[in-house]
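The values are calculated or read from the model by the stated rules, or taken from the named source; none is laboratory data. Because the structure is predicted, anything quoted here is derived from the model rather than measured. In this analysis, Cβ positions are derived from the backbone assuming ideal geometry, glycine residues included, and neighbour counts consider all displayed protein chains. Each accessible area value is taken on the protein alone, full model and side chains, heavy atoms only, with ligands, DNA and RNA left out. Shrake-Rupley method; radii C 1.70, N 1.55, O 1.52, S 1.80 Å.
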Amino acid sequence: MAKTDALLRHAITPPAFDRRAKLHRERLVDAIHANVPRKLIAIAAPAGYGKTTLLADFIAHSELPICWVRLTESDKDVVRLATVLGASLQKRFRRLRGKLDLEALAGSSPVALAHYFTDAIESNVEETFVIIIDDVHLINRSKPALLFMDNLLENLPDQATVLTAGREVLEVSLARLMAEGDLGGFGPHDLTFTREEVGDLAKLNSVGELGELEIERLLDETRGWITGILLSGNLIDGGITAVVQSPRPMVYEYLAAVVLNRQPDPLRRFMLDSSVLPVMSAAACDSVLRRTDSSRFLTRLVREGLFVAATDESPRTYEYHPQFRQFLLQSLKGADQKRMRTLTLRAASHLAANGSVEDAVDLYIDAGSPKQAALHADRNAKAMFGAGRTHTIEAWARRLEPFAVQAPEVFLYLAMAYGDKGDND
């Protein structure tokens, strides 16, 4: 994978499943396997229900070839989405390398892109395999991305299954898939921990036996959201007792604060500071935080189950649970807004220098530096236009417009893209 796009490499590398700290949910993994003959298996539940952990569990306990795609806001741009999917397919199937030339398809419609993928799969992949797409709710407001996914699913060869997970169901033609028997689904009720699973996880984390009343209260208080806490591994050091006996409601902010405040000061500071990076690596954290021991802290975060997903491949990349990252960012801003701005600017500079310009532009704006954001957007507008990345240029224009900063290339190429589509208004 290109050295200059670490975020792309992270997007196609599945999270590790630590069998020592994560509970294998056999009933759900078996149910997913039973649905593999269908074209689409949809997992939809609010944050904290353990969706990504279940996907990692499935990967760890499946013999099927699996292509992993982790979506971000950038994938509302259908060309970016196709690029990530293509990279994942080519990583898993060597025979597809050189067969997916997306640069030659710049400017193609979402429908044409989808047919290009289904034809390549039909011609080059014979075995049954699964494409896993996480965080699909992020593209539900993008008509081009949904049109691409809808046509991909409609024409998907029989040997391929798409398994999606997100806070919402992917808004494709579900009625058609259901009528054809090609849709399987899991919701919050399915993901809710059973009494047996709560007890098993407590044993896995060396808490010991939980009484029936303790389990009953956990299930009643959390109404299924318990996975967000229990799957984090934070049952050590009496954590379960504190949760069960607490008179406070089990709201996320309270529980996240309990987790954060229990950590030693150096680890807590690292967690707060590193949250400015959407995806972490030891090198990125060392650069942005100006330290040399990030690898040790990242390893500890994973070992102690502190709301971090990590890849197995070297160099490892790490990612906070989205909801926990937002909590960390809010905590950092409340504690030291000046420090947060400094770190965010460093993170933006690091991402820009390493080819992740979309995230860099967003971070510069978040840090209150729209001129820097405009500078980087302008430098890359021509390349985005050449790659058919109209949605990204449009997003930059929309974010920059309120600041009245100079970004002539962005607006020039956006106008050209609209003109090419006949959208003269």
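Shown are S274, S281, whose ranking by accessible area with a 1.4 Å probe and every protein chain present, most to least, is S281, S274. Relative to a virtual label point 7 Å from the Cα of E126 in the Cα→beta-carbon direction, which members of segment 147-164 show backbone nitrogen distances below 20 Å? 157-161, by backbone N distance to the label point.
Candidates V172, T118, A145 compared by Cα position along the dipole of segment 92-208: farthest toward the positive end lies A145, with charges placed on Cβ.
With all protein chains in place and a 1.4 Å probe, the accessible surface of segment 5-92 carries 52 percent carbon and sulfur. With protein chains left intact and a 1.4 Å probe, residues in the chain average 45 Å² of accessible area per residue.
Of all beta bridges that DSSP places with both ends in the chain, some 20 percent have antiparallel geometry.
The trypsin sites (Lys or Arg not before Pro) of segment 89-171 meeting both criteria, a DSSP state outside H, G, I, E and B (loop) and at most 15 other C-beta atoms within 10 angstrom of the site's C-beta, are R97, R141. Full extension of the chain segment joining A383 with F403 gains 4.9 nm, where the gain is 0.36 nm per residue of separation less the Cα-Cα distance.
Treating the chain as a set of equal point scatterers at the Cα positions, no solvent, please give the Debye-formula log₁₀ I(q)/I(0) at q = 0.06, 0.12 Å⁻¹. Per q value, in the given order, log10 I(q)/I(0) is -0.26, -1.06. Excluding H33 itself, what net charge comes from residues whose Cβ is under 12 Å from its Cβ, given Lys and Arg +1 and Asp and Glu -1? Charge balance near H33 sits at -2. For a paramagnetic label modelled on A47 (point 7 Å from Cα along Cα→Cβ), amide N atoms under 20 Å away belong, within segment 142-156, to 142. Only helices enter the 222 nm calculation for the chain: every DSSP H run of n ≥ 4 contributes -39,500 (n - 2.57), and dividing by all residues gives -16000 deg cm²/dmol, rounded to 500.
Solvent-accessible area of segment 307-380 (1.4 angstrom probe, protein heavy atoms only): carbon and sulfur portion equals 45 percent.
Rounded to the nearest Hz, the phi-derived 3J(HN,Hα) couplings of segment 386-400 under the Karplus curve 6.51 cos²θ - 1.76 cosθ + 1.60 (θ = phi - 60°) are x, 8, x, 8, 4, 4, 5, 4, 5, 5, 4, 4, 5, 6, 7, where x marks glycine and proline. Along segment 69-85 the Karplus relation, 6.51 cos²θ - 1.76 cosθ + 1.60 evaluated at θ = phi - 60°, assigns HN-Hα couplings of 9, 10, 7, 10, 4, 4, 7, 5, 6, 4, 5, 4, 4, 5, 5, 5, 4 Hz to successive residues, with x for each Gly and Pro.
Taking every protein chain into account, the 1.4 Å probe leaves T292 with about 130 Å² of accessible area, to the nearest ten. For the residue pairs K22/K338; K333/K382; K76/K421; K22/K143, the alpha carbons lie more than 28 Å apart in K22/K338; K333/K382; K22/K143. Given a Förster distance of 30 angstrom, what is the FRET efficiency for R94 paired with D200, based on the Cβ-Cβ distance and rounded to 0.05? Plugging the Cβ-Cβ distance into 1/(1 + (r/R0)^6) gives 0.15.
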